[in-house]
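J.: Got a structure for you, questions after.
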Amino acid sequence: MTNYFKNDLVSELPDITKIEFKKIDKSYFKVILINFFLVIGLFLAGLIVLHQFVFPDYLNEYILYLYLLFTFLFLLIFIFEKMSFSKRKYALREKDISYKEGLIVKKLTTVPFSRIQHVETDEKPFSRLFGLSSLSVYTAGDSSDDLVIKGIKKETALQIKEFISIKINE
Amino acid sequence: MNNSFDFSSFSKQSPKGIFVIYTALIYKVLKATWLLLFIVFKDFSEISSFNVNYIYAGFVFILLFLLIRAILIYKNFQFKIKDDHFILNQGILKKTNTAIPFHRIQNINFKQNIFQQIINVYEVSIETAGTSKTEISIKALSLEKATALKEIIATNKEFNSENNIETEIKPLLNIDVKELFKVSLTENHLQNLFLFLALLIGFFQQLQQFTDSIGKTETLDGFIKENTNALTTSLFLIFILLIALIVIALITSFVRVFLVHFNLKVYLKENAYEINQGLFTKKSIVLKKGKVQHIRISTNPLKQLIGIYFVTFKQAVSGKTNSKKKEKLIRIVGCKKDQIETIKNSLFHFSDVENSLKKFPDNYYKRRIFLFTFLFLIIVYTALYLTFSRIEIFYSILLVIPIVVFLVFTKVKKRFYKTSDSMLLVGKGLLETHITYLEIFKVQNIKMKQTIFQKRSNVADIILQTASGKIKIPCIPFSDAINIYNHTLYKVENTNKEWM
């Protein structure tokens, strides 16, 4: 199993730019979509309620534009989600784990195994439908934004967890 | 003082502890109810003598209740040492049993508030790294017993290798009243003023909430309105207000510095610092060198003039509790240049990093700050214009712009970084100057951020997360960022040294 994660980088100074990142599981996009449509649904319901019961007539004249604006906004967010999805990547090396994401703001985080306090995997309801988990890695200190990889296959997550646990206890 | 105390069976605190717990309880009750008491006593004369008796009885009852509670707390508070564990039983109804293994103990600190000073007992707090729950304080121990306890824990682990018997080492730093006076005078008064104002606003909000519920808001509101009207009309009053603010700022600085740092003494020991300070609450902190994650040396133009600096030791924090964080920040004020050198020398080899090339962020950094400050200014001015709709406010731009530009330039100038094989040095500051020293292997994780605008200029931000907070190096050339990234990882992954 370890072979799967081995990265043949044994140069003195490992170069972060030279490692191969793996994309997260494609079906996680469906999870994002479900969440996304849930939010849209709520907003849309709110808008319809406003349209039918709250807005006075002079405002309802412009209601079509409001709906259009609404659609346009969500289309924009959808495209953004779609494009940034392919930027979510992770990589494991001999001694550390990295994750990168972001379309407009690119973020790259690396946590060395020797600094990891504990590893967690968890499955949210929608993720579970597709057999996905998220993997969180905690380090000491203000652990608010340590590394979290969402949307990897459950087996993979458990394997990585196992792998890191072994590495920590070495 | 070889241990004449037996810790193997359960022992209680010094009986004086009842008094300490009692005062602490009374203080807690007073803090929660002072407004109510204030209201009651304000109209004291209007209360009939019959009711007064009830009130007295009530007070006596509360005081008695607290006394009984204090005694019970005291009775149920027992501790012992067994198999390299510190074991504590406490709780009146809900019994808690805590066991801390020695190797988890980070610090043992002595503290004395004013009551504890009067009856000559020490509060001993045992600090552990990890979950915040496991912080224990024993409210009252005699000095002998406290030191004995500390020694037992210390000898069982490498805590303080030298024995604590008064070896009379010369303190590294001893700040007397005159020095402290200088320190206070050169404090960041602006910051202190804001702190004081924040405190005042909090106080008024508490008062207002209370009066709201009682229905006296109108008088208070009227009072404020009257005053603000007077303010806008009279320049004289503004002048007075300014002077008052300056005086308040000065006083706050003095009070703050004297309260916390009175009689500051720092002893340098083999693998720890011992720091004693405080006016009413005397604190004695043993700070292990290994626990220090990074240090910051700061000064401001005034302090620089008389050649003093302050050092902030950043220790590892445990978890999300924000209030805890402040406690783990240990500040030493009024250091001279050579004392700074000694402190730095005792912690790490810094000469390499100080002699290496001083690197500055890319020009993009300056552009970004300018952009954001001007955006902010535009928003502020539009808001001001919309609320007052007077063209005169734009005259102030003549004054504001040069100041802002000057400030941005100083901020940019003070941003720099230096790297060596094992250390990182980051400088920053606006009015003050802060220089952070970090041993690279103490980094917990590393992050690189790049916006699409930064990508066009080929720069990136580096954020180093340590156990004691983040260190940011903004907008450095991309190749440098990658170098730092790789080097840091290499250093962290190839060290056997414990970060804590």
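The values are calculated or read from the model by the stated rules, or taken from the named source; none is laboratory data. This structure is a prediction, so every number in the text was calculated from the model and none was measured. So basically every Cβ, Gly included, is an ideal-geometry build from the backbone, and we count neighbours across all protein chains shown.
J.: Pick from region B:448-457 the residues that are facing chain A (nearest Cβ under 7 Å) and without any contact (Cβ under 8 Å) to a residue 24 or more places away in the chain: which of them is surrounded by the fewest Cβ atoms within 10 Å (Cβ to Cβ)?
T.: Here the residue is B:452.
J.: Which numbered condition in (1) of a type in the set (S, T, N, Q); (2) under 18 Å from the mean Cα position of the chain (by Cα); (3) not in a strand (DSSP E or B) is the only one that residue B:298 fails?
T.: Unmet for residue B:298, out of (1) of a type in the set (S, T, N, Q); (2) under 18 Å from the mean Cα position of the chain (by Cα); (3) not in a strand (DSSP E or B): (3).
J.: Given the criterion at pLDDT 85 or above and over 30 Å from residue B:121 (Cβ atoms), identify the matching residue among B:254, B:310.
T.: Residue meeting the stated conditions: B:310.
J.: Within region B:435-478, work out how many residues are within 22 Å of the chain's Cα centre (by Cα) and assigned to a helix (DSSP H, G or I).
T.: Residues that pass the stated criteria total 1.
J.: A further question on this structure: Looking only at residues that are under 22 Å from the mean Cα position of the chain (by Cα) and surrounded by fewer than 16 Cβ atoms within 10 Å (Cβ to Cβ) in region A:151-170, which one is farthest from residue A:101 (Cα to Cα)? Give the derivation first.
T.: Residues of region A:151-170 under 22 Å from the mean Cα position of the chain (by Cα): A:151-164.
The next check asks that each one be surrounded by fewer than 16 Cβ atoms within 10 Å (Cβ to Cβ); those that pass are A:155, A:158, A:162.
On the way: A:155: 22, A:158: 22, A:162: 24 Å.
Applying the filter and picking the extreme gives A:162.
J.: Additional query: Filter region B:458-498 down to the residues that are closer than 16 Å to residue B:438 by Cα, within 7 Å of chain A (Cβ to nearest Cβ) and of a type in the set (A, V, I, L, M, F, W, C) and list them by number.
T.: Result: B:467, B:489, B:492.
J.: Here's another thing I want to ask about it. How many of the residues in region A:35-52 are over 17 Å from residue A:126 (Cα atoms) and either surrounded by 14 or more Cβ atoms within 10 Å (Cβ to Cβ) or not aromatic (Phe, Trp, Tyr) (or both)? Steps first, answer last, please.
T.: To start, the set of residues in region A:35-52 that are over 17 Å from residue A:126 (Cα atoms) comprises A:42-52.
Within this subset, residues satisfying the condition of being either surrounded by 14 or more Cβ atoms within 10 Å (Cβ to Cβ) or not aromatic (Phe, Trp, Tyr) (or both) are A:42, A:44-52.
Counting residues in region A:35-52 that are over 17 Å from residue A:126 (Cα atoms) and either surrounded by 14 or more Cβ atoms within 10 Å (Cβ to Cβ) or not aromatic (Phe, Trp, Tyr) (or both) gives 10.
J.: Here's a follow-up. Would you be able to tell me the number of residues in region B:343-397 that are of a type in the set (Asp, Glu) and over 24 Å from residue B:410 (Cα atoms)?
T.: Of the residues in that region, 2 qualify.
J.: Considering only residues that are modelled with pLDDT of 85 or more and either in contact with a helix residue (DSSP H, G or I) (Cβ under 6 Å, 6 or more places away or on another chain) or of a type outside the set (Gly, Ala, Ser) (or both), which ones fall in region B:20-45?
T.: Those that are modelled with pLDDT of 85 or more and either in contact with a helix residue (DSSP H, G or I) (Cβ under 6 Å, 6 or more places away or on another chain) or of a type outside the set (Gly, Ala, Ser) (or both): B:20, B:21, B:22, B:23, B:25, B:26, B:27, B:28, B:29, B:30.
J.: Considering every residue within region A:105-116, establish whether at least one is out of contact with any Phe, Trp or Tyr (no Cβ under 8 Å at 6 or more places or on another chain) and farther than 28 Å from residue B:316 by Cβ.
T.: Yes; the residues of region A:105-116 include at least one that is out of contact with any Phe, Trp or Tyr (no Cβ under 8 Å at 6 or more places or on another chain) and farther than 28 Å from residue B:316 by Cβ.
J.: Return a yes/no flag: does region B:406-423 have any residue that is under 23 Å from residue A:103 (Cβ atoms), without any contact (Cβ under 8 Å) to a residue 24 or more places away in the chain and either charged (D, E, K, R) or not in a helix (DSSP H, G or I) (or both).
T.: no
Yes/no per residue for (1) outside any loop (DSSP other than H, G, I, E, B); (2) out of contact with any Ser or Thr (no Cβ under 9 Å at 6 or more places or on another chain); (3) at pLDDT 80 or above:
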{"site": "B:160", "(1), (2), (3)": "no, yes, no"}
{"site": "B:170", "(1), (2), (3)": "no, yes, no"}
{"site": "B:178", "(1), (2), (3)": "yes, yes, yes"}
{"site": "B:184", "(1), (2), (3)": "yes, no, yes"}
{"site": "B:194", "(1), (2), (3)": "yes, yes, yes"}
{"site": "B:197", "(1), (2), (3)": "yes, yes, yes"}
{"site": "B:203", "(1), (2), (3)": "yes, yes, no"}
{"site": "B:208", "(1), (2), (3)": "yes, no, no"}
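J.: Answer yes or no as to whether residue B:48 is in contact with a strand residue (DSSP E or B) (Cβ under 9 Å, 6 or more places away or on another chain) and either modelled with pLDDT under 80 or not assigned by TED's automatic domain parsing to the domain that holds residue B:120 (or both).
T.: Criteria not met by residue B:48.
J.: Quick check: anything in region B:439-447 touching a residue at least 40 places away in the same chain (Cβ under 8 Å) and closer than 27 Å to residue B:300 by Cα?
T.: There is at least one residue in region B:439-447 that is touching a residue at least 40 places away in the same chain (Cβ under 8 Å) and closer than 27 Å to residue B:300 by Cα.
J.: Further question on the same structure: Just one of the numbered conditions (1) surrounded by 14 or more Cβ atoms within 10 Å (Cβ to Cβ); (2) over 16 Å from residue B:139 (Cα atoms) is not true of residue B:113; which one?
T.: (2)
J.: Please specify each residue of region B:331-378 satisfying the condition of being in a loop (DSSP other than H, G, I, E, B) and more than 23 Å from residue B:273 (Cβ to Cβ).
T.: B:356, B:357, B:358, B:360, B:361, B:362
J.: While we're on this one: Confirm whether residue A:130 is surrounded by 14 or more Cβ atoms within 10 Å (Cβ to Cβ), modelled with pLDDT of 90 or more and closer than 30 Å to residue A:44 by Cα.
T.: When the stated conditions are applied, residue A:130 passes them.
J.: Report, by residue number, each residue of region A:10-43 that is out of contact with any strand residue (DSSP E or B) (no Cβ under 6 Å at 6 or more places or on another chain) and at pLDDT below 90.
T.: Of everything in region A:10-43, those that are out of contact with any strand residue (DSSP E or B) (no Cβ under 6 Å at 6 or more places or on another chain) and at pLDDT below 90 turn out to be A:10, A:11, A:12, A:13, A:14, A:15, A:16, A:17, A:18, A:20.
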